[in-house]
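Input: a single structure, listed below in structure tokens.
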Amino acid sequence: MRPTVLAVLIAFALPAAASAQVANLHSGAITAAVQKAIDDPARQADKSDDAHRKIAAVMMFADVKPGQSVLELVPGSGYWTRVFSAIVGPQGHVYTVWPAEMAKYSAKSLANWQKLAATPHYANVSVLQQPGAHLSVPAPVDLVFTAQNYHDYHDSFMGPVDMASFDKQVYDALKPGGLFVVIDHVAPAGSGFADTDTLHRIDPAAVRKEVEAAGFVFDGENNALRNPDDSHEAKVFDKSIRGHTDQFIYRFRKPAK
């Protein structure tokens, strides 16, 4: 996907996911910590995106709590990170990974992110620059999260990345019982990874199979970002669908033992 990476990182094309199957999915009240984070005055510029990005539903599904540690893959504009930072608070931490292969296409965004992470308000946020194929984190985390970027790891510009090894690295980065949440644009059923570098979409079934192969247990899906009107045939940047793509939200759990 090359120079279009910057658009992927900053794109606000978010509406899709899947249907709930697991009994422990969140379905009701927003926790006080999540609501307080959403209301943080420091994210005033993000407010206009909250409705279509379903920020409350995503945070509740990710089950993030005060004091936890989060590893976010490819933070882009920092939309999700700002909320994670506020939820986990001063006793928690947010590690944001900028793969070297992506950073070279988005030097300005990376520089802005480094500046943001250096501000006192985001003292609990760290920037990790590392090769896409070699994921590492200073300490085990409670949650690994990626939005609209899992498909990028399949593309040649990223190395390419050995996804079996990468998903195992995600697994190893998590504490026992930790969660891996993946949000991405839906590709046609049965297409596998054929559209990751063209339409910037990925087949949810292929993602599930790939992640489970690393030892994860599928822990449910959420349909907050679903859009049945998306044909799955247009590039996610096409004006006919941009900002309204069908997206799946999958949650995987590392077994506690």
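The table below lists the values:
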quantity	calculated
Contacts under 6 angstrom Cβ, first residue in region 146-161 being touching a residue at least 12 places away in the same chain (Cβ under 8 Å), partner polar (S, T, N, Q), 6 or more apart	His151/Thr196; His154/Thr196; Asp155/Thr196
Residue among Asp167, Asp195, Asp155, Asp184 that alone is under 30 Å from Ser240 (Cα atoms) and surrounded by 23 or more Cβ atoms within 10 Å (Cβ to Cβ)	Asp184
Enumeration of residues in region 228-244 that are farther than 30 Å from Tyr171 by Cβ and either surrounded by 20 or more Cβ atoms within 10 Å (Cβ to Cβ) or touching a strand residue (DSSP E or B) at 6+ places or on another chain (Cβ under 6 Å) (or both)	Asp230, Ile241
Criterion (among the β-branched types (Val, Ile, Thr), closer than 18 Å to Trp80 by Cα and surrounded by fewer than 18 Cβ atoms within 10 Å (Cβ to Cβ)) met by exactly one of Thr119, Thr96	Thr119
Search result, residues across region 150-193 that are in a loop (DSSP other than H, G, I, E, B), on the phi < 0 side of the Ramachandran plot and modelled with pLDDT of 95 or more	Asp162, Ala187, Pro188, Ala189, Ser191, Phe193
Filtered residue count, region 54-77, keeping only those that are closer than 30 Å to Pro176 by Cβ, modelled with pLDDT under 95 and not β-branched (Val, Ile, Thr)	2
Some residue of region 133-148 being assigned to a helix (DSSP H, G or I) and either surrounded by fewer than 16 Cβ atoms within 10 Å (Cβ to Cβ) or within 17 Å of the chain's Cα centre (by Cα) (or both)	no
Selection count where residues are free of Cβ contacts under 8 Å to residues at least 24 places away in the same chain and more than 13 Å from Ser77 (Cα to Cα), scope region 96-113	1
Residue match in region 93-101 (condition: of a type in the set (Phe, Trp, Tyr) and either in a helix (DSSP H, G or I) or under 26 Å from Pro176 (Cβ atoms) (or both))	yes
Those residues of region 54-87 which are of a type in the set (Gly, Ala, Ser), crowded, with 20+ Cβ neighbours inside 10 Å and touching a strand residue (DSSP E or B) at 6+ places or on another chain (Cβ under 9 Å), in sequence order	Ala62, Ser69, Gly76, Gly78, Ser85
Some residue of region 114-121 being among the hydrophobic types (A, V, I, L, M, F, W, C) and assigned to a loop (DSSP other than H, G, I, E, B)	yes
Answer from Val161, Val181, Val186 - the residue that is among the hydrophobic types (A, V, I, L, M, F, W, C) and in contact with a Leu (Cβ under 8 Å, 6 or more places away or on another chain)	Val181
Filter result (in a strand (DSSP E or B) and touching a Pro at 6+ places or on another chain (Cβ under 8 Å)) within region 222-257	Gln247, Phe248, Tyr250
Among residues of region 93-126, those that are touching a Lys or Arg at 6+ places or on another chain (Cβ under 8 Å) and either closer than 20 Å to Ala139 by Cα or at pLDDT 85 or above (or both), counted	1
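The values are calculated or read from the model by the stated rules, or taken from the named source; none is laboratory data. Please read all numbers here as calculations on a predicted model, not as lab measurements. All Cβ positions, even for glycine, are placed from backbone atoms using ideal geometry, and neighbour counts span all protein chains on display.
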